[in-house]
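The values are calculated or read from the model by the stated rules, or taken from the named source; none is laboratory data. Please read all numbers here as calculations on a predicted model, not as lab measurements. No Cβ is skipped: glycine too gets one built from the backbone with ideal geometry, and neighbour counts run over all protein chains shown.
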Amino acid sequence: MRVYLFIVAIAATATFLFTPIVRHVAIGMGAVGRVRARDVHTIPTPRMGGLAMLLGFTVAMFVASHIPFLNIVFHSNHQAWVILIGAVLICLLGIADDCWDLDWMLKLSGQLLISVFVAWGGLQIISLPLGSLVIASPSLSIAITAFLIVVSINAVNFVDGLDGLAAGIVAIGGIAFGIYSYVLARTSPSYASLATLVDVMLVGICLGFLLHNWHPAKLFMGDSGSMLLGYLITCASIVMTGRLDPASIHATIYLPAFMPILLPILVLFLPVLDMIMAIVRRLRKGQSPMHPDRMHLHHRMLAIGHTVQGAVLILWGWAALMAFGSVMLLFFDPWAVAIGFVVCAVALLLATMLPYLRRRNEDMGTVADSEDAPAHHAK
């Protein structure tokens, strides 16, 4: 555990130190987000923060590769380096979009090509944890893996609309993944786990970037950051669950993540929900799935009266509830987890609706006062 905490500190520190440098680079390259009708920020702000996160991830990866405890992670296969190469490619694609606003079809094609390359390089879902179901076709394995990566990349990209929102949600998901993968690794001869390593590095770069990205943000992560985070958290989940044998794991341990398709949805529940709602909403209007609007979950939070910071904290709360709800099954009775889940959900629902309820009470009070005024004047 101490090794992983050390890697978190390395990733966070490196990202924190690189971010101001990347900010100046972004300004020099013209990667400055103009204020659009759907944006929350009111002044042009540099983007391309994904480059700082990539640099922090790379530094942490090379430090980890020289730690004896983690030797098996790097010497057993080449998955760690495939993940890093894919991270570089996806970040470069995002940087191009941050600078030149690529057409969405071109960007999606690039995401798909990179995802196929990563899957072809060895990061694949070989078995699905559904009894004895095994993916026998290499082509099908690559297709499923690439699909999951592309979906998660765009889910995080869709939710990246408020300062600190995407980085916080992915950090929460990374912590949940890290806990689960660490528990699974303890059942093996070596505690070292590539999934846990990717998770802790992911959490580290999110924390380091959040110190610069909290409202009002000095630098946006841009597509280079949101795409990188979606890519990394999916890679970790694929490494963790894509090759598990259900018969080799105790049912109570395996229950929270019995399926690699559901795992990213649980820890990225809000981004995936927001993406599905946006796609359905736009298709019903006859628009492109990538057509921008101001109907995302974070826009709705602001519309009912939340501040930017308040909306982000509440959405973090919902993300934590979904992410840790399954992880808690590792340590507590399912009934206790269910009761705690319901209690927390009710509390979050009240917090979510509080500005709306407060404004409604004020409006009702105003109406009551206006009705009483004529009667009082008549007397």
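Using beta carbons and a limit of 8 Å, which pairs, at least six apart or on different chains, have the first residue in the range 76-99 and among the polar types (S, T, N, Q) and the second one buried (at least 22 other Cβ atoms within 10 Å of the Cβ) and assigned to a helix (DSSP H, G or I)?
Taking only residues 6 or more apart or on different chains, the pairs are Gln79/Leu194; Gln79/Val239.
Condition first: among the small types (Gly, Ala, Ser) and either more than 20 Å from Val239 (Cα to Cα) or surrounded by fewer than 18 Cβ atoms within 10 Å (Cβ to Cβ) (or both). Now tell me which residues in the range 67-124 satisfy that.
Ser76, Gly94, Ala96, Ser109, Gly110, Gly121, Gly122
Which condition does Gly305 not pass, out of (1) surrounded by 13 or more Cβ atoms within 10 Å (Cβ to Cβ); (2) in a helix (DSSP H, G or I); (3) not acidic (Asp, Glu), if it passes all the others?
Unmet condition: (2).
Look through Met53, Met48 and report the one residue that is surrounded by 15 or more Cβ atoms within 10 Å (Cβ to Cβ), within 19 Å of the chain's Cα centre (by Cα) and not in a helix (DSSP H, G or I).
Just a single option satisfies the conditions, and that option is Met48.
Name the single residue, out of those in the range 141-153 being at pLDDT below 90 and surrounded by 24 or more Cβ atoms within 10 Å (Cβ to Cβ), that is nearest to Met328 (Cα to Cα).
Top of the filtered list is Ser152.
Do we have Ser224 as of a type in the set (Gly, Ala, Ser), surrounded by fewer than 16 Cβ atoms within 10 Å (Cβ to Cβ), at pLDDT 70 or above and over 22 Å from Gln124 (Cα atoms) here?
no
Give the residues of the range 291-302 that are in contact (Cβ under 8 Å) with a residue 40 or more places away in the chain and part of a helix (DSSP H, G or I), sorted by residue number.
Scanning the range 291-302 gives Leu297, His298, His299, Met301, Leu302.
State the number of residues belonging to the range 56-66 that are of a type in the set (A, V, I, L, M, F, W, C) and buried (at least 24 other Cβ atoms within 10 Å of the Cβ).
Number satisfying all stated conditions: 3.
Exactly one of these conditions fails for Pro46: (1) out of contact with any helix residue (DSSP H, G or I) (no Cβ under 6 Å at 6 or more places or on another chain); (2) over 29 Å from Tyr191 (Cα atoms); (3) not hydrophobic (A, V, I, L, M, F, W, C). Give me its number.
Result: Pro46 passes all but (1).
So is Ser115 closer than 28 Å to Arg34 by Cβ and of a type in the set (Ser, Thr, Tyr) or not?
no
Do we have any residue at all in the range 111-119 that's within 30 Å of Met277 (Cα to Cα), of a type in the set (Gly, Ala, Ser) and in contact with a helix residue (DSSP H, G or I) (Cβ under 6 Å, 6 or more places away or on another chain)?
Yes, there is a match, as at least one residue in the range 111-119 is within 30 Å of Met277 (Cα to Cα), of a type in the set (Gly, Ala, Ser) and in contact with a helix residue (DSSP H, G or I) (Cβ under 6 Å, 6 or more places away or on another chain).
Filter the range 156-176 for residues that are hydrophobic (A, V, I, L, M, F, W, C) and at pLDDT 85 or above and give the result.
Selection gives Val156, Leu165, Ala166, Ala167, Ile169, Val170, Ala171, Ile172, Ile175, Ala176.
Conditions (1) assigned to a loop (DSSP other than H, G, I, E, B); (2) crowded, with 17+ Cβ neighbours inside 10 Å; (3) among the acidic types (Asp, Glu); (4) without any contact (Cβ under 8 Å) to a residue 12 or more places away in the chain, marked per residue:
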| residue | (1), (2), (3), (4) |
| --- | --- |
| Pro271 | no, yes, no, no |
| Arg282 | no, yes, no, yes |
| Gln287 | yes, no, no, yes |
| Val312 | no, yes, no, no |
| Leu315 | no, yes, no, no |
| Ala319 | no, yes, no, no |
